[in-house]
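The structure appears right after this line, and notes come after that.
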Amino acid sequence: MSIQASFVQPVADAQCAFRRILKAVSEPGVTVTLPLQQGWGRLSPASTAVMLTLVDRDTPLWLDDGLDDESLRSNLRFHTGAILTCDESAAFALLHVSSAIALSRFSAGDVMSPEKSTTVVIEGSGLTGGTPLRLSGPGLETSRVVEPQLPPDIVRYLCHRPDPFPQGIDLMFTCADALMALPRTTHVE
């Protein structure tokens, strides 16, 4: 078991990370950097910071086989106490962008409880240089164009979300120390 570092200043760094994650979620398409230098196992520092900030012993977490390893599991148990599950209705799911897992597998909540949806964190290879996507909706004064490097199936999912609002999954894309969020309220073309 190899336990790796978490935040250098746990309280101040977790507060900083939370504010930056909140900025990314409330302003879709904005890229923020998170205060962590090293990731756990195959995770980037940004995905690791999201786990440290948002996941705890009361938070079920689904792991993609492409990221799952003993180093990640050990660090999640030690630092967060997260409940690792195979249930796709988990509060959080952690995927690698190359995974062939359909996003529609995860919980979109229901009409009476949309908050029971899954937040999917996707570990990617870049938040620029991909297919241009035009974003509009809450949190955006005007439309915004982003270019995350995503496979065609994720782009199709974003452009044709199957679940009517208020249902749907919220997405966070990470690469190195950067994070971009596209919540369920964001319209993507």
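If Val55 meets every condition in (1) touching a Gly at 6+ places or on another chain (Cβ under 9 Å); (2) of a type in the set (Val, Ile, Thr); (3) open to solvent by 70 Å² or more (accessible area, probe 1.4 Å) apart from one, which number is that one?
Result: Val55 passes all but (3).
Quick one: in the range 74-99, of everything that is touching a residue at least 24 places away in the same chain (Cβ under 8 Å) and over 26 Å from Pro114 (Cα atoms), which residue is most open to solvent (accessible area, probe 1.4 Å)?
Phe78
Among residues belonging to the range 36-52 that are out of contact with any Pro (no Cβ under 8 Å at 6 or more places or on another chain), of a type outside the set (D, E, K, R) and open to solvent by 30 Å² or more (accessible area, probe 1.4 Å), point out the one that is nearest to His79 (Cα to Cα).
That would be Leu52.
Got a number for residues in the range 75-119 being assigned to a loop (DSSP other than H, G, I, E, B) and within 25 Å of Gly39 (Cβ to Cβ)?
Number satisfying all stated conditions: 15.
Condition check: open to solvent by 30 Å² or more (accessible area, probe 1.4 Å) and without any contact (Cβ under 8 Å) to a residue 24 or more places away in the chain. Does Arg105 satisfy that?
Details: open to solvent by 30 Å² or more (accessible area, probe 1.4 Å): yes; without any contact (Cβ under 8 Å) to a residue 24 or more places away in the chain: yes.
The answer is yes for Arg105.
How many residues are among the aliphatic types (A, V, I, L, M), open to solvent by less than 60 Å² (accessible area, probe 1.4 Å) and more than 18 Å from Ser47 (Cα to Cα) if we restrict to the range 108-134?
2
(1) open to solvent by 50 Å² or more (accessible area, probe 1.4 Å); (2) part of a strand (DSSP E or B); (3) under 27 Å from Ala17 (Cβ atoms): which one isn't true of Met180, the others all being true?
(1)
Given the criterion farther than 17 Å from Ile122 by Cβ and in contact with a Leu (Cβ under 8 Å, 6 or more places away or on another chain), identify the matching residue among Ser6, Ser47.
Ser6
Taking the range 1-35 as the search range and keeping residues that are within 15 Å of the chain's Cα centre (by Cα) and aliphatic (A, V, I, L, M), which one is most open to solvent (accessible area, probe 1.4 Å)?
Ranking the qualifying residues of the range 1-35, first place goes to Leu22.
Return the pair list, or none, for Cβ contacts closer than 7 Å from residues in the range 155-182 that are closer than 19 Å to Ala90 by Cα to residues that are among the β-branched types (Val, Ile, Thr) and assigned to a helix (DSSP H, G or I), at least 6 apart or on different chains.
Met172/Val50; Ala181/Val25
Restricting to the range 150-165, count the residues that are open to solvent by less than 50 Å² (accessible area, probe 1.4 Å) and under 17 Å from Val25 (Cβ atoms).
1
Can we say Glu147 is in contact with a Pro (Cβ under 9 Å, 6 or more places away or on another chain), more than 19 Å from Gly39 (Cβ to Cβ), free of Cβ contacts under 8 Å to residues at least 40 places away in the same chain and surrounded by fewer than 21 Cβ atoms within 10 Å (Cβ to Cβ)?
On the way: in contact with a Pro (Cβ under 9 Å, 6 or more places away or on another chain): yes; more than 19 Å from Gly39 (Cβ to Cβ): yes; free of Cβ contacts under 8 Å to residues at least 40 places away in the same chain: yes; surrounded by fewer than 21 Cβ atoms within 10 Å (Cβ to Cβ): yes.
For Glu147, the condition - in contact with a Pro (Cβ under 9 Å, 6 or more places away or on another chain), more than 19 Å from Gly39 (Cβ to Cβ), free of Cβ contacts under 8 Å to residues at least 40 places away in the same chain and surrounded by fewer than 21 Cβ atoms within 10 Å (Cβ to Cβ) - is met.
The values are calculated or read from the model by the stated rules, or taken from the named source; none is laboratory data. If you're wondering where the values come from, they're calculated on a predicted model, not measured in any experiment. All Cβ positions, glycine included, derive from the backbone under ideal geometry; neighbour counts span all protein chains shown. Areas reflect the complete protein model, heavy atoms only, side chains present, ligands, DNA and RNA absent. Shrake-Rupley method; radii C 1.70, N 1.55, O 1.52, S 1.80 Å.
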